[in-house]
2 protein chains.
Amino acid sequence: MKTYSVTFLPEEKTVQAAAGKSILEAAIVAGIPVNSVCAGEGVCGKCRVLVKSGKVEAEPNSFLTRRDIQRGMALACHTYIHGDVVVEVPLESRISGVPQLASEDAIRFGRISERVGEGAAFAHAPLSGKAYLELPLPNLTDNIPDQERIYRELSRHREMPTMHIGLAVLQKLPELLRESGWKVTALLGYRGRTTEVMEVEPGDTSARHLGIALDVGTTTVVAHLVDLNTSETLTTKAKYNSQISLGDDVISRIMYSRTGERLKQLRDMVVGDINDLITGLVMDVKAKFHDVTYVVCAGNTTMVHLLLGLNPANIRREPYVPCAATLPVIRAAEIGVKINPRGLLLALPCVSSYVGGDVVADVLVTGMTDSEELSLLIDLGTNGELVIGNADWLVCCSASAGPSFEGGGITCGMRATTGAIEHISLKPDGRIDEYSVVGGGKPVGICGSGLIDAIAELLRVGCIDRRGRFVKTECGNRLREAETGEREFVLFPGKATALGKDIVLTEPDISNLIHSKGSIYMAAECLMAHVDMTFDDVKHIYIAGGFGNYLDIERAVEIGLLPDVERSRFHFVGNGSVQGAKMALLSQEALTYLQVRIAAAMTDFELSSDHKYMNEYSSCLFLPHTNIEKFPSLRGKYGKPAQAEGARARA
Amino acid sequence: MKTYSVTFLPEEKTVQAAAGKSILEAAIVAGIPVNSVCAGEGVCGKCRVLVKSGKVEAEPNSFLTRRDIQRGMALACHTYIHGDVVVEVPLESRISGVPQLASEDAIRFGRISERVGEGAAFAHAPLSGKAYLELPLPNLTDNIPDQERIYRELSRHREMPTMHIGLAVLQKLPELLRESGWKVTALLGYRGRTTEVMEVEPGDTSARHLGIALDVGTTTVVAHLVDLNTSETLTTKAKYNSQISLGDDVISRIMYSRTGERLKQLRDMVVGDINDLITGLVMDVKAKFHDVTYVVCAGNTTMVHLLLGLNPANIRREPYVPCAATLPVIRAAEIGVKINPRGLLLALPCVSSYVGGDVVADVLVTGMTDSEELSLLIDLGTNGELVIGNADWLVCCSASAGPSFEGGGITCGMRATTGAIEHISLKPDGRIDEYSVVGGGKPVGICGSGLIDAIAELLRVGCIDRRGRFVKTECGNRLREAETGEREFVLFPGKATALGKDIVLTEPDISNLIHSKGSIYMAAECLMAHVDMTFDDVKHIYIAGGFGNYLDIERAVEIGLLPDVERSRFHFVGNGSVQGAKMALLSQEALTYLQVRIAAAMTDFELSSDHKYMNEYSSCLFLPHTNIEKFPSLRGKYGKPAQAEGARARA
């Protein structure tokens, strides 16, 4: 088959691609991180590239204007190579920058609640242990076997669980013991009720004893390197999940993974990310891969499936059945994760298809199961997960929020990385009062927290009404008609932005966000109804998820994302996923608690079969709600109730 | 390097060998089973071959007469190839024939004690289980994960132990469940306190459920194919251990195994034997390898080390430390054993370097730990193992008996295979009265039981004295001087034998057997003294070991191998090794009993550090003993006591 060379700018990286392959496929091969919210289905318009030269064929689409096409703009996923081509991937189409480390930032801003971690008083007993042993030399009156000599010495210092040792370790044992003068370090790994002697090393290596806590998120992979002796977090790193090139959310990745080869491709991508992070962490502290002996990761159910190479197809299909919720402890090398070759990897247990180990970790971190007081956890992301309960019971549910909290489906939306407007406030005339940009400098686009601020502010100053429509009389010349025919509001003129392009909000953008916030609020309401409680019964509301930490609670209530309760009841969890993974890594007791008291105890409430959710959802598609009585602190703030109008609009 | 072709007759099998390689090395490559008691050290003289043509260089040795050398006879191990050669491997130098299946024969002859197996009332609960599951189809109100659906169904029918499932099984699970219409068979494997879901198969395969019990002996490998549903033994096979080519006893194999490559060679040999046996067994019953899901093997400590690729070097060196006594459950495929690729393999636990899983199995089979009555177990072989005890305590020891019980070190000695004289009685004049040959026909040589008979008979008729020396006046013309200068007694003239060669006994032959029987008897006496008992306290004496079952108890007492107690106290165990392995295979309870109540409870008594053994050993180098008072039933039978004479002879 004919192949052509495809050169990507500005990297000047060239790869060969068969005739007819898409530019997106070539970019994946080249390792160029092109955004693709929809996994190449051609429905998100996020993979815009500039074809500088060469022959391509593009399918028609609605995302590009005539002017775009004239300039050579194309959607990478639906543009096919028919000659040697040179392609520029602009900044806004890239998965780039380093994700903010939520917990660190949140700690910096003093936003993580003091409540969080209160329940964290678990005994220090990491999932892997190192024991330095000076074994007595064998003699005729004490000639027990080498293996049993190690077991005996171990049992002198600790309670002896069921021991297991692999053939590979036994095969090296006799020489190793004798060459090291019977002074060795046994590396122990806890696998459920069994302790494995994972390795025996000559001499005393017990001081070098590292583990990794991982948050394997749909968007971001976060890794913490932990000293297992001291519990100290030595260094942390984060990276966007490379799988983004093959789909922005779990559903598009599940759809992509339909063959064994593609499943492997997705696994290799995230494992590659994990290995990049581990390499960086280990280099930071001048350690060796060999010193890292255990990885605990928390992720949503789909991410865990993709990481372990488990087919996630049925997560998407009714009745939404994952392959497994409780995952086996495996050797990290089994899936290619680069630590000590004998080291172990455990993914925290999931509850159901849409309530994963990340949420279970959140619950652990909040300590909400230690108290009789009722708590509600809301993990905000592309998928929203909610857990309500206390020490006696837990009920969870999940709702698809759509990608708008992460900037997806928003004309100038982007993730919370360098250049994203994260907070904004407006003057009464709708002009910018104050704003902040991630990493400082001129803005590139707007991320979820900025978007919530913007919409709350536009509502407050009257530029939009409670249905999210522009009020022309209030917007003045900032409102204009775009080439597509939609009305758009210019937040930042091009001259004030990093890319020289206006940063705008359209009515569909606002509508997307309203749908997202509506699905989360409705889920919370249905969950309350399901357990026969009201928001007033809830003593604590925990906000988790990478996006959640940048949220302005007041604005989130104003748009109707969060319930209108006393603000002091809200607490930020930070990155509960990685924190929970770390707690489990550092304490067998915490892991058992998480498995038994949280994951196994949680009842999954399936929203998709809930009539209330279906019937009342549309009442949430207003700012903040059709029934303003549900938001008493906002009463009278936005003029007359919109209920009748809204009901008509949906009739 | 120059290579030559080496052709072996009568197979006419040709292999290439580098110049300077020994004929023995070429034979191993060719798969020709040449005897080599000493592992090619040139000290046993058992690897005689006939060089028919071609250039070889031989080192001088004392085993071949001038006439032998003139005929082209050579020792394969110390004869080196320097041209294309043709070599005939005569019958007596081959590891050939099929070993007798001790237990079957013993059963046939009604020799296995009724006591044996009395303690065998363990619950039927094989180490692998098959459960056919008709899983309820998932729906929105019951959408637990695939794995958990299987666990739940399993727990409906049995007590739920800690479950484990491998990634490989999980990765196939979603498709498999749906393609098989949720009707599957779960294959369960018990690994200590954990149950592994080893495999999930479509449909109901529970009727096909096979296991293998193995006796991995130094000389013989015996395999039983067992229906795990019915406990029925479907078919059995035995084969000589191919490692014999590299040494007849454990010590020579340990010496041979000094490099990793050689260790692997030994492992591959015995695994090859096991696979040959399994192939035969499976073909016999028209089953598939896939249906075989668990292998339990019993072997002495060295055999178990070689099978698992564990370095046995320290078994031989003081203070005799094995690598491990309790072996991990492994996947059979890890060492190349050909059953279901997910199937498991467990070697029964050993006690010490010279008391292995075979002896532990013997104890289980005897049921001696179920009674308050004192029992003594004697496992006779190249190595003799002894266990004394009852329900409350067990003490064991081992003594090197030398190879003479298996025909080693005996001029016309051979294993108990086709052509071996297994029983013999003499007329008063020293001529043959009656004899029996394994497999019928003319004799090829004499095996252990025949040798014991012969010596007991020669003593009875006066042809030898109590020191094992020929009494010339009684032997007549049957005694002659051999080319080597030794006196030899012609048992069978060449015309009556299969090979046309006289079958003779020499004084060194008799001396070798006396040393063997002496070491066993002395070990028994020392063991009794160690536990402060006498033979009179012992209610039952169990005789185990492949050789043991053909033993004539009366003759064994007459030569002083067994103590002179009431004959009804003796019981034959049969092949306790394979029977014990089978009991464990069929019952988790039996395995636990064997591990906890037998192996872990047994105290090892190290004879090599026992002064009595060293000091009094020589008193056993008489027939039956220097002190005839120890054999009251024989008093007066052989004339005057030989004590004084014997003491002088050793002074």
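The residue that is modelled with the highest pLDDT, among those in the range A:276-330 that are touching a strand residue (DSSP E or B) at 6+ places or on another chain (Cβ under 9 Å) and aromatic (Phe, Trp, Tyr), is A:Tyr294. If the condition is being facing chain A (nearest Cβ under 9 Å) and free of Cβ contacts under 8 Å to residues at least 12 places away in the same chain, then the range B:168-186 contributes B:Gln171, B:Glu175, B:Arg178. Within the range A:155-167, how many residues turn out to be within 14 Å of chain B (Cβ to nearest Cβ) and either among the basic types (Lys, Arg) or touching a residue at least 24 places away in the same chain (Cβ under 8 Å) (or both)? Of the residues in that region, 6 qualify. Taking the condition away from chain B (no Cβ under 14 Å) and more than 14 Å from B:Gln147 (Cα to Cα), does A:Ala313 pass? Taking the combined requirement at face value, the residue does not satisfy it.
Among the residues of the range A:278-297, is any hydroxyl-bearing (Ser, Thr, Tyr), more than 14 Å from chain B (Cβ to nearest Cβ) and either in a loop (DSSP other than H, G, I, E, B) or surrounded by fewer than 21 Cβ atoms within 10 Å (Cβ to Cβ) (or both)? Taking every residue of the range A:278-297 in turn, at least one turns out to be hydroxyl-bearing (Ser, Thr, Tyr), more than 14 Å from chain B (Cβ to nearest Cβ) and either in a loop (DSSP other than H, G, I, E, B) or surrounded by fewer than 21 Cβ atoms within 10 Å (Cβ to Cβ) (or both). Among the conditions (1) under 30 Å from B:Lys130 (Cα atoms); (2) surrounded by fewer than 17 Cβ atoms within 10 Å (Cβ to Cβ), the only one that B:Lys582 does not satisfy is (2). The test for being closer than 24 Å to B:Arg94 by Cα, in contact with a helix residue (DSSP H, G or I) (Cβ under 6 Å, 6 or more places away or on another chain) and among the small types (Gly, Ala, Ser) does not hold for B:Gly440.
May I ask you to verify whether B:Asp215 is under 18 Å from B:Val295 (Cβ atoms) and at pLDDT 95 or above? So that I can check it myself, show each step before the final result.
On the way: under 18 Å from B:Val295 (Cβ atoms): yes; at pLDDT 95 or above: yes.
It is true that B:Asp215 is under 18 Å from B:Val295 (Cβ atoms) and at pLDDT 95 or above.
Remark: pairs (first residue in the range B:139-151, facing another protein chain (nearest Cβ under 8 Å); second residue of a type in the set (A, V, I, L, M, F, W, C) and crowded, with 18+ Cβ neighbours inside 10 Å; Cβ separation under 6 Å; 6+ apart in sequence or on different chains) = B:Asn143/A:Val321; B:Pro145/A:Ala324; B:Pro145/A:Ala325; B:Asp146/A:Cys323; B:Asp146/B:Leu173; B:Asp146/B:Leu177; B:Gln147/A:Ala324; B:Glu148/A:Ala325. Just one of the listed residues (A:Glu334, A:Glu318) is facing another protein chain (nearest Cβ under 9 Å) and within 27 Å of A:Glu201 (Cβ to Cβ), namely A:Glu334. A:Cys323 falls short on exactly one of the conditions (1) of a type in the set (A, V, I, L, M, F, W, C); (2) within 28 Å of A:Ala391 (Cβ to Cβ); (3) within 12 Å of another protein chain (Cβ to nearest Cβ), and that condition is (2). If the condition is being free of Cβ contacts under 8 Å to residues at least 24 places away in the same chain and exposed (fewer than 13 other Cβ atoms within 10 Å of the Cβ), then the range B:1-10 contributes B:Met1, B:Lys2. Among the residues of the range A:346-365, those identified as within 10 Å of chain B (Cβ to nearest Cβ) and of a type in the set (A, V, I, L, M, F, W, C) are A:Cys350, A:Val351. Would you confirm, using the coordinates I've provided, whether B:Pro136 is crowded, with 18+ Cβ neighbours inside 10 Å and within 14 Å of another protein chain (Cβ to nearest Cβ)? Considered against the rule, which asks whether it is crowded, with 18+ Cβ neighbours inside 10 Å and within 14 Å of another protein chain (Cβ to nearest Cβ), B:Pro136 comes out as no. Condition check: part of a helix (DSSP H, G or I) and among the acidic types (Asp, Glu). Does A:Asp433 satisfy that? When the stated conditions are applied, A:Asp433 does not pass them.
Kindly establish whether B:Glu372 is among the charged types (D, E, K, R), at negative phi, assigned to a loop (DSSP other than H, G, I, E, B) and free of Cβ contacts under 8 Å to residues at least 24 places away in the same chain.
Values: among the charged types (D, E, K, R): yes; at negative phi: yes; assigned to a loop (DSSP other than H, G, I, E, B): yes; free of Cβ contacts under 8 Å to residues at least 24 places away in the same chain: yes.
Against the criterion (among the charged types (D, E, K, R), at negative phi, assigned to a loop (DSSP other than H, G, I, E, B) and free of Cβ contacts under 8 Å to residues at least 24 places away in the same chain), B:Glu372 qualifies.
Quick one: A:Thr220 ticks every box in (1) out of contact with any helix residue (DSSP H, G or I) (no Cβ under 8 Å at 6 or more places or on another chain); (2) β-branched (Val, Ile, Thr); (3) within 14 Å of another protein chain (Cβ to nearest Cβ) except a single one, so which number is it? With respect to (1) out of contact with any helix residue (DSSP H, G or I) (no Cβ under 8 Å at 6 or more places or on another chain); (2) β-branched (Val, Ile, Thr); (3) within 14 Å of another protein chain (Cβ to nearest Cβ), A:Thr220 is out only on (3). Residues of the range A:342-373 that are among the small types (Gly, Ala, Ser), surrounded by fewer than 24 Cβ atoms within 10 Å (Cβ to Cβ) and in contact with an Asp or Glu (Cβ under 7 Å, 6 or more places away or on another chain): A:Gly367 alone.
The values are calculated or read from the model by the stated rules, or taken from the named source; none is laboratory data. Being a predicted model, the structure only gives us computed values, none of them experimental. Note that we place each Cβ from the backbone using ideal geometry, even for glycine, and neighbour counts take in every protein chain shown.
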